[in-house]
Amino acid sequence: TDPWGALPCRPGVDPWSLPLEQFDVSNPDLFKHDAWQPFFRRLRDESPVNYCAQSLFGPFWSVTRFADIQYVDTHHELFSSARSIVLSDPEPDFPVEAGFITMDGERHDAHRGDLVAGDSRARFRSDGRPPGRACRQPPAG
């Protein structure tokens, strides 16, 4: 059976017909069918920092407004991605530090210089995709 089809947040469901306590925007069908926007619009409007107590991946917080995302991103001492960058908890033998993206604070900032410098507001190619980035050398650790 399809575990995603039974979830309250799924393509074809009106987001305003569900209680916010049932919002589980981790359903990949929302993204596969490009149906995620109304769910996130409702979260931004009514519950910009929303707790999902039950999902197939375990509990998680949805942070949907830009200012709140910036706050989370700049306060690594409160919000860390060092253990994982995915919703589900990794297996106990999963490497705790999976690379640059899971580093916080000074360790992360130290590797930023390894990336090719350029305009941080990436210019887009004619096909609408951002330009690729190259590394001078892969980040260590």
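Read-outs: derived from the displayed coordinates by stated rules, not from any lab. Predicted, not measured: the structure shown is a model, and the values here were computed from it. Don't worry about glycine lacking a Cβ; one is built from the backbone with ideal geometry, like all the others, and counts go over all protein chains shown.
For D34, neighbours were defined as the other residues whose beta-carbon sits under 15 Å from its Cβ, and their charges (Lys and Arg +1, Asp and Glu -1) total +2.
With K and R counted +1 and D and E -1, the other residues having a Cβ less than 13 Å from that of P48 yield a net charge of +1.
Report note on the peptides 66-73, 8-15: ranked by the mean count of other C-beta atoms within 10 Å, highest first, their order is 8-15, 66-73.
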